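Working notes, beginning with the structure itself.
The values are calculated or read from the model by the stated rules, or taken from the named source; none is laboratory data. Because the structure is a prediction, the values reported are computed rather than measured. We place every Cβ from the backbone using ideal geometry, glycine too, and count neighbours over all the protein chains shown. Remember, those area values only see protein heavy atoms, side chains included, never the ligands or the DNA or RNA. Shrake-Rupley method; radii C 1.70, N 1.55, O 1.52, S 1.80 Å.
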Amino acid sequence: MKRPAFLVSIVLAAVLLAVPPFLKSYGIYLFSYWLVFVIATMGLNLTVGYAGQKSLGHAAFFGIGAYTVAIVLKAGFSFWLGLPLAMLGCFVIGLVVGFPALRVQTIYLAFATLGFNTAVWLVLRNEEWLTGGTFGINNIARPSLLGLSLDGNLAYYYFVLGTTVLLAVLLWGLLRSPWGKAFTALRDNPIRAESLGVHIQAYTLLSFAIGAVYAGIAGALFASLVQFIEPAPFTVGASIMMYLMVVLGGPGYFFGPLLGSAVGVLLPEWLRFAQAWYLFVFGIAVILLMLWLPDGLLSIPDRLRAKRHAREAAAARAAAAAKVGVV
């Protein structure tokens, strides 16, 4: 990790550890909610930002994870049984959903995943015997960890924070491994990647499956955080918002989901002073960001660096031309 990124990580960790105890219950809840979406968009960033696939079905995996844990808890079993079941289910379904990516690309793949999201949402809404339909599932318990209750908002926040850090470390290791290099090669130039021995089909499927697992974990944490779920948070609109978070933060940047989720989750809360106009203000802010920074907020250092290098190159050319003129 580069020194600036390391220093940013240290400062961010200090803030996330030290600030929440001084917040009210809603502030702690909001931080937990934000971290849940950080986890979900880390998975989407792997699929979209690193592997270069277009997915608008991420909220479906988010919902599958949430409902799996809720149904398992409703049946009288433990959260720690529901979580691995959610991960396994999302991994398998992610592999299946990845198959369209082997035949269609770009906008057509986005439409295929959008259809998948719609199908899952319809199941969640209509299969009342399993999901409760529009009435949802309530009284979703929070887990215990090593005999410690996580019922309190602050305790559950630190549990979500620890999970986020663990998943971030695992993703960092994956991206620095040969698998991560293969994902990046697949994004940059699939034909060249295949010529170098990258199995295009296998890595495409893996990018969907691993991204789906992250969404499933986020959904499981979300269910216990809000303690009531119904189909509304898992619509196509939610998938588009997650995609927007990745784009705003910077697709292909490791810390992109952290910043993009803050814009998508925390910024609307900060804009509530605008009352009925806050969604309009949020939409205009997002449009302006996309016009100014199409590669996301974390592309700002790269843009500044590129401008500096361009100025230095122009100055070097001018000096060389002046030297030739003198001679």
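Could you say which residue among ALA66, ALA75 is at negative phi and open to solvent by 50 Å² or more (accessible area, probe 1.4 Å)?
ALA75
Restricting attention to segment 15-63, and to residues there that are part of a loop (DSSP other than H, G, I, E, B) and either of a type in the set (Val, Ile, Thr) or out of contact with any helix residue (DSSP H, G or I) (no Cβ under 9 Å at 6 or more places or on another chain) (or both), which single residue is least open to solvent (accessible area, probe 1.4 Å)?
VAL19
Among the residues of segment 114-131, write down those that are touching a Phe, Trp or Tyr at 6+ places or on another chain (Cβ under 9 Å) and in contact (Cβ under 8 Å) with a residue 24 or more places away in the chain.
Here is the first cut: in segment 114-131, the ones touching a Phe, Trp or Tyr at 6+ places or on another chain (Cβ under 9 Å) are 117, 120-121, 124, 128, 130-131.
ASN117, VAL120, TRP121, LEU124, LEU130, THR131 - these are the residues of segment 114-131 that are touching a Phe, Trp or Tyr at 6+ places or on another chain (Cβ under 9 Å) and in contact (Cβ under 8 Å) with a residue 24 or more places away in the chain.
In segment 186-199, what residues are open to solvent by less than 30 Å² (accessible area, probe 1.4 Å) and either in a helix (DSSP H, G or I) or modelled with pLDDT of 85 or more (or both)? I'd like the intermediate steps shown before the answer.
Of all residues in segment 186-199, those open to solvent by less than 30 Å² (accessible area, probe 1.4 Å) come to 186, 193, 198.
Result: LEU186, ALA193.
Considering each residue of segment 111-154, count those that are basic (Lys, Arg) and either in a helix (DSSP H, G or I) or open to solvent by 60 Å² or more (accessible area, probe 1.4 Å) (or both), and give that number. Break it down into steps so the answer makes sense when it comes.
Step one: filter segment 111-154 for residues basic (Lys, Arg), giving 125, 142.
Those left that are additionally either in a helix (DSSP H, G or I) or open to solvent by 60 Å² or more (accessible area, probe 1.4 Å) (or both): 125.
Number of matching residues: 1.
Any idea which of SER32, SER9, SER55, SER78 is small (Gly, Ala, Ser) and more than 27 Å from TYR253 (Cβ to Cβ)? Give the steps one after another, and end with the answer.
Numbers: SER32 fails: more than 27 Å from TYR253 (Cβ to Cβ); SER9 fails: more than 27 Å from TYR253 (Cβ to Cβ); SER55 fails: more than 27 Å from TYR253 (Cβ to Cβ).
The conditions single out SER78.
Restrict the check to segment 165-182 and report whether at least one residue is open to solvent by 80 Å² or more (accessible area, probe 1.4 Å) and in contact with a strand residue (DSSP E or B) (Cβ under 6 Å, 6 or more places away or on another chain).
Checked against the condition, which is being open to solvent by 80 Å² or more (accessible area, probe 1.4 Å) and in contact with a strand residue (DSSP E or B) (Cβ under 6 Å, 6 or more places away or on another chain), segment 165-182 yields no hits at all.
For every residue, the table says whether it meets (1) free of Cβ contacts under 8 Å to residues at least 12 places away in the same chain; (2) among the basic types (Lys, Arg); (3) in contact with a Cys (Cβ under 9 Å, 6 or more places away or on another chain); (4) closer than 22 Å to ALA209 by Cα.
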site	(1), (2), (3), (4)
VAL36	no, no, no, yes
ALA59	no, no, no, yes
THR68	no, no, yes, yes
LEU88	yes, no, no, yes
TYR108	yes, no, no, yes
LEU146	yes, no, no, no
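Which residues, taken from segment 1-14, are hydrophobic (A, V, I, L, M, F, W, C), open to solvent by 60 Å² or more (accessible area, probe 1.4 Å) and in a helix (DSSP H, G or I)? Spell out the reasoning first.
Residues of segment 1-14 that are hydrophobic (A, V, I, L, M, F, W, C), as a first pass: 1, 5-8, 10-14.
Subsequent filtering for residues that are open to solvent by 60 Å² or more (accessible area, probe 1.4 Å) retains 1, 6-8, 10-11.
Scanning segment 1-14 gives PHE6, LEU7, VAL8, ILE10, VAL11.
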